[in-house]
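What follows is calculated from the coordinates using simple rules that are stated; it is not laboratory data. It should be emphasised that the depicted structure is a prediction, and the values quoted were computed from it without experimental measurement. Cβ placement follows ideal geometry from the backbone for every residue including glycine, while neighbour counts extend to all protein chains displayed.
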Amino acid sequence: MSVDTARGIVYVPTGSATPDFYGGARTGANLFANALLALDAATGRRLWHFQTVHHDLWDRDLPAAPSFVTVTRGGARVDAVAQIAKSGFVFLFDRQSGKPLFDIVERAVPASDLRGERAWPTQPFPVKPAPFARQTVGAADVTEQHQRFRTLRGAFFAPPSREGSIVLPGFDGGGEWGGAAVDPETATLYVNASDVPWIAAMRESAVSSPNSGTPRDGAAVYATVCAACHGPDRRGNGRAPSLVALSTRLSLRDVRQILDHGRGFMPSLAALSVVQKAAVIAYLGYAIAPADTAGWISQPATTAPYEFAGYERWRDTSGYPAIKPPWGTLSAIDLNSGEYRWRIPLGEFAALTARGVPVTGTEQYGGPIVTGGGLVFIAATQDAKFRAFDKRTGRQLWEAPLPAPGYATPSTFAVGGKQFIVIAAGGGKLGSKSSDTYVAYALP
């Protein structure tokens, strides 16, 4: 959230309604999910709101705190609030009234073909700025998997489907939790984006009741309800962590709690029978005695006819995104006009560069900062580099290797009149090396 202390207004971006991908039990627009709320900071009274996605079926929660900026409109200065979205949109509002400073139009979007699902018929599209990430993919954009592409639903805002729907930008954006940076001198917004497609596929619910015929053997239970996300080899996939040697990291009690209540992106599996829970936990490497299951219960099963088939980044046979680059970008947007000052690919794969492939950009986690000295600093990329750019032109001025990718937003501070930039180089995502290092640099 962001607070305008002069006005006494707090601006709160909200998450998506649950469950994420099937909304048959939550009909309607699902206000106030996926919304920017302006609240009186003293009382909590709602002053205005804008919903950026109606009846979200794509996990399009607003990922980052909004940015404050003052723009020029008709010769007058207007205090504004800018909200980036996972979709690649930037929404710009008058900070006081909530009036959009660029028109926003409702456009028709595809309907769902899943039984019981009533996708909202329209979604809001800002007229300006243009999206800072790709939102659709055509046959000419696909690098290898043309046959599969023909089976997928590819329109922007195509709801999840049994055959699979392309989500571009992917579930993590587009814009993501690293947020954007704003230069108050020029009203320029700097935002990075991942242009990586994911697949949203649904399947008939595998768990409908404790006695529904779901297998009781641990390996079979795992294959039915766990493997789609964590992989058949238990080594994890994308958002789903590895479960190899899980017993060395989590207690039996912890694992049972996660099965019953879910955690993070993992849904609850409380509808499994006690026998099924014990079997799959034993399959994951835990020794379970009959006394351990005393007090375990099975919750009433979901009535949803469909469940999510698992998080899938759409990749080619070499492990790269299945569409042509760029796969990650950094953009500078003039919020006075809504036009782009520049856009560049951000990050590279050394193996491709060595083959003469132009810089492709990489998937990213983390955001930029802009300094009063005219520099944009950002890490965020898979290649574990920390970079500085000229804020006016986008020209790279400096880079340094990090001990692991800096999936974070840098901070700047001064000590004794000298300015420093610090970045958390934690890595860990996207198969990257992990670290616990903070790296600080002194500016000249």
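Just report the Cα centroid separation between region 264-288 and region 334-367, whole Å. About 42 Å separates the Cα centre of region 264-288 from the one of region 334-367. Can you tell me, using C-alpha contacts under 8 Å and at least 6 residues apart, the relative contact order of region 404-444 as a whole percent? Computed over region 404-444, the figure is 40 percent. Reducing region 125-193 and region 33-86 to their Cα centroids gives an inter-centroid distance of 20 Å.
Summary of packing: across the peptides 314-321, 344-351, 166-173, the per-residue average of other C-beta atoms within 10 Å ranks them, highest first, as 166-173, 344-351, 314-321.
For 186, 329, which order do you get if you count the other beta carbons within 10 Å of each Cβ and list the fewest first? Numbers along the way, then the final one.
On the way: 186 17, 329 22.
Ascending number of Cβ neighbours within 10 Å: 186, 329.
For region 206-303, count the residues as N, evaluate 2.2 N^0.38 Å, and divide the Cα radius of gyration by that value, please.
Values: Rg = 12.5 Å, N = 98, 2.2 N^0.38 = 12.6 Å.
My calculation over the Cα atoms of region 206-303 gives 0.99.
The lysines within cross-link reach of residue 128, meaning a Cα-to-Cα straight distance under 30 Å and a gap of 8 or more places when in the same chain, are 86, 99, 324, 391.
Between (1) 35, 29, 22; (2) 38, 27, 23; (3) 43, 30, 20, which matches semi-axes √(5λ) of the Cα gyration tensor in Å calculated for the structure shown? Of the labelled values, this structure produces (2).
When the charge dipole of the chain is built from unit charges on Cβ atoms (+1 for Lys and Arg, -1 for Asp and Glu) and taken about the Cα centre, the candidate among 178, 424, 36 whose Cα reaches farthest toward its positive end is 424. Which of 395, 343, 239 moves the most in a Gaussian network model of the chain with Cα springs under 10 Å? Highest fluctuation of the listed residues: 395. Using the beta-carbon distance between residue 398 and residue 150 and R0 = 60 Å, what value does 1/(1 + (r/R0)^6) give for FRET efficiency, to the nearest 0.05? Once rounded, the FRET efficiency stands at 0.85. What the Cβ-Cβ distance of residue 252 and residue 1 gives, at R0 = 30 Å and to the nearest 0.05, is a FRET efficiency of 0.20.
Of 88, 366, 374, the residue with the greatest mean-square motion in the GNM of the chain, using alpha carbon springs below 10 Å, is 374.
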